[in-house]
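No value in this document is a laboratory result; all are computed from the given coordinates. Keep in mind that what you see is a predicted model, and the values were worked out from it rather than measured. Here the Cβ is made from the backbone with ideal geometry for all residues, glycine too, and neighbour counts use every protein chain on show.
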Amino acid sequence: MAQVNYEALIRNVPDFPIPGVQFKDITTLLRNGPAFQSVINSIADQYRDQQVDIVAGVESRGFIFSAPVAYQLGAGLVPIRKPGKLPADTIEVAYSLEYGTNTLQMHADAFPRGARVLLVDDLLATGGTIAAAVQLVNQLGGEIVGLAFVIELGFLNGRATLGEYPIFSLVRY
């Protein structure tokens, strides 16, 4: 497959969701079948030899990428959601993001202790959301294999928030 210029397929939307934020819209990438396939293949290829047991996708755009990656890796899929979306007992973590605060939840029985977990989301910004997801995985005794993103906003220094965890990003701004 030919090399894909992901940046050319990501739309910039100024002042969304609040003034001063330049939103990276992935819907323009997703509608391009070969590019979407390339994203999934690239992420899966990065972790194919790392014995991933669980791919955990962070609500909501992380679900778009985590499900096909889990399928390709032959791994289970765990959703990490906002409050009130999961039907069984949950654990939760509150966190800050670049324009507010939020809470993430995961089922308390999402995976067994020692499971090898790959966290997937569409975007790494300040690192608050994925750091909360890391805390959830750690609470259940999961071993984090890596953190995978389509986009990384390097100027927001999210990597500094995440410490020693290996990070894979396809596009870095």
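For this structure, a couple of remarks:
- Taking the DSSP beta bridges with both ends in the chain, the antiparallel portion is around 35 percent.
- Length released on extending from residue 8 to residue 50, taking residue separation times 0.36 nm less the Cα-Cα span: 12.1 nm
- Segment 109-164: trypsin sites (Lys or Arg not before Pro) falling in loop per DSSP and having at most 11 other Cβ within 10 Å: 113
- Sequentially through segment 14-30, phi angles give Karplus couplings (6.51, -1.76, 1.60; θ = phi - 60°) of x, 6, 10, x, 9, x, x, 9, 9, 7, 8, 8, 8, 4, 6, 6, 4 Hz, Gly and Pro residues having no value and appearing as x.
- For residue 124, nonlocal amide neighbours, meaning residues 5 or more places apart or on other chains whose placed amide H falls under 5 Å from its own, are 151, 152, 153.
- Of the chymotrypsin sites (Phe, Trp or Tyr not before Pro) found in segment 1-106, those that fall in a DSSP loop while having at most 15 other beta-carbon atoms within 10 Å are 99.
- Signed unit charges on C-beta, dipole axis of the chain, positive-most listed residue 37, 72, 105: 37
- Sparsely packed trypsin sites (Lys or Arg not before Pro) within segment 1-44, loop by DSSP, other Cβ within 10 Å at most 14: 31
- Residue 164/residue 18 FRET efficiency (R0 35 Å; Cβ-Cβ; nearest 0.05): 0.65
- Euclidean distance between Cα centres, segment 129-173 to segment 8-67, Å: 14
- Span-like helix criteria (full DSSP H runs; alpha carbon extent of at least 27 Å along the helix axis; mean Kyte-Doolittle hydropathy of at least 0.0) are satisfied in the chain by no helix.
- From the largest down, segment 49-172 spans 36, 34, 25 angstrom on the principal axes of its Cα atoms.
- Charge dipole (debye, nearest 20) of the chain; +1 at Cβ of Lys and Arg, -1 at Cβ of Asp and Glu: 220
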